[in-house]
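The structure appears below as structure tokens.
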Ligand SMILES: *Cc1c(COP(=O)(O)O)cnc(C)c1O
């Protein structure tokens, strides 16, 4: 069985990013300051370059991709769209399954799509140093790569438990010239505050964000870069969905359903938002965000204003949240362990334009292994969530006889996650649902402002 790959050439890399804000039924709720009043974009200039702040608040539908960013993207883009013939056969489904493969980037995931844009705008603004956080190491390695491409020094606060469990991601960041610290550190006020409460804190993304933001806010030569959640990151990732639409057009197909896994939301946004533009124009397409049952932000979180970090240094954002002091259980899909979610993705879920499903750990790895055994690529544990949701739909098609066209984004490969696969094969993984009591308790700790 020959593989069907739908390829584009470099000239077909999008020239503009797509901004969903232009097509939202309701305007997004503004981020709020500690006084409960909307934050002025100026306040963000302490840690972001002006071009990024403009994108963060823009309502323009199309935003041009600067040439140096497009050139950087040619290192791995356009990424292939693949028809998963062998997976379809293994499932015995009448559904057609397509996936787009973002693991072709040097860091092995979709994250460099935004990292190169952020590094570029910071360099243009005269910034020479970026601080950031990373969970499993995917974002840190992407920004390290982008920093190297655009001549910017990168310091990464890496969640301590991942720092210890994922030494090779750390080596990757160091290979691309970044400095990597295990967070919480004693170098920041935020880190010291956490360590005073719990000297053995395993860290969390929320804590690492506090440290990185604090550093950027306190140094003139340093800005901050975030790998997901914010509007500009979602925007940069739309190259995925825009390319996919072109690829479907080439073969005269269009998906009935689009799946992507969702941590902070940029991977989902990048994949699904360009299709949402068609939905807004009346086309029938279902968009499904897949998250873990151990961190069920969209499916069980509160839709409320909350901080983006643990300590409360960021503006308040209206989003689904499990509470900013959420410290997740150590499941392996490190990239999906954030307490909140993109305000744009959250709003679309709230308004019923996007569906969310939660899948648990063992069936997720089952899906990943089935995918690897039929399509060859070993998926990142995060991506396995989208594969699970897509396979479940393909099996429903088998039961109903409906030949739907299904599309998912394969956000990255799992070559640095083989220890998690090992644990799955040894039967050491558990299915874990985040307890209802903990979800309820988080309500009391949400900052007190009137929610949307
Ligand atoms: C980080 C990561 C995700 C989650 O991305 P978000 O944009 O934060 O939702 C998904 N897949 C892979 C491979 C990742 O590295």
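The values are calculated or read from the model by the stated rules, or taken from the named source; none is laboratory data. None of the values given here were measured: they were computed from a predicted structure. With ideal geometry, Cβ positions are generated from the backbone for all residues, glycine too; neighbour counts draw on all protein chains shown.
Assorted remarks:
- In this structure, residue 330 does satisfy being at pLDDT below 95, surrounded by fewer than 19 Cβ atoms within 10 Å (Cβ to Cβ) and under 22 Å from residue 134 (Cβ atoms).
- Segments classed as helices (runs of 4 or more DSSP H), wholly inside the range 225-320, with at least 3 members that are within 14 Å of the ligand (Cβ to nearest atom) and closer than 24 Å to residue 47 by Cα: 231-236, 266-280
- Check on residue 356, at pLDDT 95 or above, crowded, with 17+ Cβ neighbours inside 10 Å and touching a helix residue (DSSP H, G or I) at 6+ places or on another chain (Cβ under 7 Å): yes
- One residue stands out in the range 212-224 among those that are outside any strand (DSSP E or B) and more than 20 Å from the chain's Cα centre (by Cα): the one that is farthest from the ligand (Cβ to nearest atom), namely 220.
- Any helices (runs of 4 or more DSSP H) falling wholly within the range 108-179 and containing at least 2 residues that are at pLDDT 95 or above and touching a helix residue (DSSP H, G or I) at 6+ places or on another chain (Cβ under 8 Å): 112-124, 138-150, 167-175
- Screening the range 123-145 for residues that are in contact with a strand residue (DSSP E or B) (Cβ under 7 Å, 6 or more places away or on another chain) and more than 26 Å from residue 204 (Cα to Cα) and picking the one that is surrounded by the most Cβ atoms within 10 Å (Cβ to Cβ) gives 127.
- Restricted to the range 334-452, the set of helices (runs of 4 or more DSSP H) holding at least 3 residues that are out of contact with any strand residue (DSSP E or B) (no Cβ under 9 Å at 6 or more places or on another chain) and within 25 Å of residue 169 (Cα to Cα) comprises 361-375, 418-425.
- Residue match in the range 164-172 (condition: closer than 24 Å to residue 44 by Cα, surrounded by fewer than 24 Cβ atoms within 10 Å (Cβ to Cβ), more than 14 Å from the ligand (Cβ to nearest atom) and in contact (Cβ under 8 Å) with a residue 24 or more places away in the chain): no
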